[in-house]
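So the structure is just underneath, and the comments pick up after that.
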Amino acid sequence: MDTKSNKYYLTTAIPYVNAPPHIGHALEFVQADTIAKYHALKGQEVFLTTGVDENSIKCVQAAAKQNITTKALCDANSNSFREFVKSIGMHYDAFVRSSQDEAHWNGVEKLWNMCMDSDDIYKKTYSGLYCTGCEAFYTQKDLVNGLCPEHLTKPDVVKEENYFFRLSKYSGRIREMIDSGSLVILPKERKNEIIGQIDEGLEDFSISRSNERAKGWGIAVPKDESQKIYVWFDALSIYLTSIGFGSNEQKFKSLWPADMHIIGKGIIRFHAIYWPAMLMSAGLEMPKHIIVHGYVTSKGQKISKSLGNVVDPMAMIDKYEVNAVRYYLLRGIPTFEDGDFSENDLIAANNTELVANIGNFIHRTMTFAYKNYKGELKSKNAIDKNDMEIISRINLLIDEFDADMSNFKIGRGLNRVLEVSSIGNKYFQDNKPWELINADRDGCEKVLFVCIGICKALSVLLYPYLPDAAEQLAKSLNTNIELLQGAKILPQGEVHINEPKQLFKKIEDAKAI
Ligand SMILES: [Zn+2]
């Protein structure tokens, strides 16, 4: 059996750990988790890699500022990332710490040697403008008023002998691959941006730095102790080393290439140009998709400490619970564009949609069925034309959800879930089971049977977005989370449900700022 065709390997970006997680990480983690869980619903073997990028000058500098060792800083910050990932509910299969994971070091050296063997690495003296925040060299024309476009800080002038990677050699092949769509970059604007950068001409880039500048921190260049491997060459390799490259070739072969890398728009050049070139040089297969999300802004501005508009995602989870935070990030922030984070919008989305629409439908159906039929329901009465129409509308929405999610349209997929729930609410309201129970007990049972079918569909559709709530609902329905095809409603059968629990809670306005 070809197991490879049924795997789905995806990665988050590998964040720096010079500072604790911010709301942008929260967005990326829930997006990645949602995509991963959708593919699990498709019956695929999913593997999700995340980790932390610790071998950077930033970490060395941040540690020096706090008067602690670089390792102590990385230990503390990587722990807070790991805790955070858990709190936001992202399930991962590998969490790599680039400074501590021995298998990673071996894999990075292996990749370096493969590129060396392809004659793509050479040494030269170089002078350039370096932004430590980006860990990247810039040319004068990249800068905005002489400042780094990402950090708005003045880059350092750095002159030293480095190893370089022959990026220029691969520009034609990379362009062709992106243009033809064999490597998909979404959204289209980001793809065009990269094509534009390639057309401006690609220069070879530095992939090492002196020990002196790296302060001795990082992975040594093979056979040259005077140099450390450049942080991006090292960090990108996590996508390979986390699945066995250089340590477990069988595992690596079963999972590579990556089906998806999800990243923020600030690091697209590294992923869509440098990374494919490195892989080509090493003779490795290309990733299939690069999904680029926007920035989370606050009060309409880029989040920064100096502007005083930082949103602490941990505090948000403590204050509002993870369901509300995940729901809002996936619903209120567009999948591919910048979106403004607002606590008031979070509360509104929770109260008017999650609680008043989805939660209300599930709660009224489940409690009514449990109370009046002791949780045992059959479709004794023939399903009429109206019911069949409702059932086929829901089943069609499940197909549309599938199409949206397979194209990474996470927010649109969530719209379908809301539509399913709205149909359920209207059907419940129109059929008035609270009156029907006295007039026509079997007819009422049939209505509830359809409603429970819709609840079951919701347990599956909600799973990628709100896994805990979906699992709790499935438990009340006396079932497990089914595969997506199993979400479709059947017109006949019987169900046994357990005593339901309330899934979502209204946020009282007093909690808002
Ligand atoms: Zn920068």
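The values are calculated or read from the model by the stated rules, or taken from the named source; none is laboratory data. Fair warning: this is a prediction, and the values are worked out from it, not measured in the lab. Don't worry about glycine lacking a Cβ; one is built from the backbone with ideal geometry, like all the others, and counts go over all protein chains shown.
Can you pull out the residues in region 121-141 that are closer than 22 Å to ILE268 by Cα and either outside the structural domain of GLU203 (by TED's automatic domain parsing) or more than 10 Å from the ligand (Cβ to nearest atom) (or both)? Once the filter is applied, which keeps residues that are closer than 22 Å to ILE268 by Cα and either outside the structural domain of GLU203 (by TED's automatic domain parsing) or more than 10 Å from the ligand (Cβ to nearest atom) (or both), region 121-141 yields GLY128, LEU129, PHE137, THR139, GLN140, LYS141. Every listed requirement among (1) touching a His at 6+ places or on another chain (Cβ under 9 Å); (2) surrounded by fewer than 19 Cβ atoms within 10 Å (Cβ to Cβ) is met by TRP275 save one, (2). Among the residues making up region 2-43, those that are among the aliphatic types (A, V, I, L, M) and in contact with a Phe, Trp or Tyr (Cβ under 7 Å, 6 or more places away or on another chain) are VAL17, ILE23, ILE35, LEU41. Of the residues in region 91-100, none is out of contact with any helix residue (DSSP H, G or I) (no Cβ under 7 Å at 6 or more places or on another chain), within 15 Å of the ligand (Cβ to nearest atom) and among the acidic types (Asp, Glu). Determine, yes or no, whether GLU109 is more than 16 Å from the ligand (Cβ to nearest atom) and without any contact (Cβ under 8 Å) to a residue 12 or more places away in the chain. Taking the combined requirement at face value, the residue does not satisfy it. The combined condition, being more than 23 Å from PHE137 (Cβ to Cβ), exposed (fewer than 15 other Cβ atoms within 10 Å of the Cβ) and either in contact with a helix residue (DSSP H, G or I) (Cβ under 7 Å, 6 or more places away or on another chain) or outside the structural domain of LYS409 (by TED's automatic domain parsing) (or both), is fulfilled by GLY181. Annotation for region 22-35: no member residue is more than 23 Å from ARG331 (Cβ to Cβ) and not acidic (Asp, Glu). Put simply, of ILE390, ILE423, ILE437 the only residue that is within 30 Å of the chain's Cα centre (by Cα), farther than 22 Å from LYS37 by Cα and of a type in the set (A, V, I, L, M) is ILE423.
Within region 246-257, restricting attention to residues that are more than 21 Å from the chain's Cα centre (by Cα) and not in a helix (DSSP H, G or I), the residue that is nearest to LYS110 (Cα to Cα) is GLY246. Please verify whether region 47-70 includes one or more residues that are within 16 Å of the ligand (Cβ to nearest atom), within 28 Å of THR34 (Cα to Cα) and touching a residue at least 40 places away in the same chain (Cβ under 8 Å). Checked region 47-70: at least one residue is within 16 Å of the ligand (Cβ to nearest atom), within 28 Å of THR34 (Cα to Cα) and touching a residue at least 40 places away in the same chain (Cβ under 8 Å). Screening GLY218, GLY201 for residues that are surrounded by fewer than 17 Cβ atoms within 10 Å (Cβ to Cβ), more than 16 Å from the ligand (Cβ to nearest atom) and in contact (Cβ under 8 Å) with a residue 24 or more places away in the chain leaves exactly one candidate, GLY201. For first residues located in region 118-142 and at positive phi and in contact (Cβ under 8 Å) with a residue 24 or more places away in the chain, partners that are among the small types (Gly, Ala, Ser) and more than 11 Å from the ligand (Cβ to nearest atom) and lie 6+ apart or on another chain with Cβ distances below 7 Å form the pairs GLU135/SER56. Candidates in region 142-160 are the residues that are surrounded by 14 or more Cβ atoms within 10 Å (Cβ to Cβ) and within 24 Å of LYS223 (Cα to Cα); of these, the one that is nearest to the ligand (Cβ to nearest atom) is VAL158.
In this structure, is LYS169 farther than 24 Å from ALA13 by Cβ, at pLDDT 90 or above and part of a helix (DSSP H, G or I)? Yes: the conditions hold for LYS169. The residue that is nearest to the chain's Cα centre (by Cα), counting only those in region 203-239 that are aliphatic (A, V, I, L, M) and modelled with pLDDT under 95, is VAL231.
With the condition kept exactly as written, say whether any residue in region 165-186 is in contact with an Asp or Glu (Cβ under 9 Å, 6 or more places away or on another chain) and free of Cβ contacts under 8 Å to residues at least 24 places away in the same chain. No, there is no match, as no residue in region 165-186 is in contact with an Asp or Glu (Cβ under 9 Å, 6 or more places away or on another chain) and free of Cβ contacts under 8 Å to residues at least 24 places away in the same chain. Among residues that are more than 15 Å from the ligand (Cβ to nearest atom), of a type outside the set (S, T, N, Q) and modelled with pLDDT of 90 or more, GLY181 is included. Of the helices (runs of 4 or more DSSP H) contained entirely in region 258-374, those carrying at least 2 residues that are touching a Cys at 6+ places or on another chain (Cβ under 7 Å) and over 22 Å from LEU418 (Cβ atoms) fall at 275-281.
With respect to ILE423, determine if the residue is modelled with pLDDT of 95 or more and touching a Phe, Trp or Tyr at 6+ places or on another chain (Cβ under 8 Å). When the stated conditions are applied, ILE423 does not pass them.
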